[in-house]
Ligand SMILES: [Zn+2]
């Protein structure tokens, strides 16, 4: 009998863990006055890019964390036990959507029944969305951060969601949004100008996987990749041969490695070109689906885009 007192609370705690205690969370979309509580608002983002965008909008009343660090491929990423705990404790969750976090969809869907879970791509204009045929299936390209203007729409979606949830912080967030998006506007102009400075016959971006479609759409650079939109897709010898032929015929100077995708296949392409008497170089490492180390310049969205721009222009000009 003495033990019962221990087991009942334990039983309830276990039930709560599996989502039976949803009463408190029922009205999670209701506005909250963040200033009335000392506890920081706990915001979790899936990718570091999204975390960085949120950090630029909120003040020190919020704590922002992200799940996927440098070198992590979001297409393949599965939530760990530690992630699940973080997500369960979060007040708000932001994710990319459009199936970028393909292996986390179920988890995010379940959490969305209990708390605000927002896809930052929800307000991308329909006429800007890129859709591709992949293995006979129509897939929307999730990599919107390669068009700085589209990324701005993601920042707006984040800001609007947080303003709805924390109306007392509206003024502060509005000022931060204006300041940050002015920087994004500057960056967009810079990328447009510098990509246009690459000789036209070299304005081709060859990478490991098809992440740069929005870069092509926004900045007029032809994009080719070994793998499809998601790194889940496989590639074969024919894909390598086709790319080798393309690079050799067009006499492309440089191709690029991505920080979150294995580099070996791109090295095979360099060798393949050599056999066709065309010297192509690895032009550097681009941050495609993951940013640099947190706390460094490349660990921010602005720094990541600058790094990619510098690497591309230096290698192809
Ligand atoms: Zn990708």
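Of the residues making up region 285-317, those that are over 22 Å from residue 152 (Cβ atoms), part of a helix (DSSP H, G or I) and touching a strand residue (DSSP E or B) at 6+ places or on another chain (Cβ under 7 Å) are 311, 315, 316.
When you scan region 293-306, how many residues do you find that are surrounded by fewer than 16 Cβ atoms within 10 Å (Cβ to Cβ) and on the phi < 0 side of the Ramachandran plot?
4
When restricted to residues that are in contact (Cβ under 8 Å) with a residue 40 or more places away in the chain and more than 10 Å from the ligand (Cβ to nearest atom), region 222-238 contains 2. If you go through region 185-195 one residue at a time, do you hit one that is modelled with pLDDT of 95 or more and touching a strand residue (DSSP E or B) at 6+ places or on another chain (Cβ under 8 Å)? Among the residues of region 185-195, not one is modelled with pLDDT of 95 or more and touching a strand residue (DSSP E or B) at 6+ places or on another chain (Cβ under 8 Å), which makes the answer no. Among the residues of region 263-284, those that are buried (at least 18 other Cβ atoms within 10 Å of the Cβ) and assigned to a helix (DSSP H, G or I) comprise 266, 269, 272, 273. Exactly one residue among 256, 212, 246 is touching a residue at least 60 places away in the same chain (Cβ under 8 Å) and touching a strand residue (DSSP E or B) at 6+ places or on another chain (Cβ under 8 Å), and that residue is 212.
Taking the listed residues 147, 141, the one that is in contact (Cβ under 8 Å) with a residue 24 or more places away in the chain, over 18 Å from residue 45 (Cβ atoms), touching a strand residue (DSSP E or B) at 6+ places or on another chain (Cβ under 9 Å) and buried (at least 17 other Cβ atoms within 10 Å of the Cβ) is 141, with no other qualifying.
Contact map, region 267-292: residues that are at positive phi paired with residues that are at pLDDT 95 or above, Cβ distance under 7 Å, separation 6+ or inter-chain. Pairs shown: 284/256; 284/311; 284/315. So for region 239-257 (the condition being modelled with pLDDT of 95 or more and within 16 Å of the ligand (Cβ to nearest atom)), does at least one residue qualify? Within region 239-257, one or more residues are modelled with pLDDT of 95 or more and within 16 Å of the ligand (Cβ to nearest atom).
Hey, any hits in region 171-178 for a residue that's under 26 Å from residue 249 (Cα atoms), more than 17 Å from the chain's Cα centre (by Cα) and without any contact (Cβ under 8 Å) to a residue 12 or more places away in the chain?
no
The values are calculated or read from the model by the stated rules, or taken from the named source; none is laboratory data. This one's a predicted model, so the numbers in the text were calculated from it and none came from an experiment. Cβ coordinates were reconstructed from backbone atoms using ideal geometry, including for glycine residues, and neighbour counts include every protein chain displayed.
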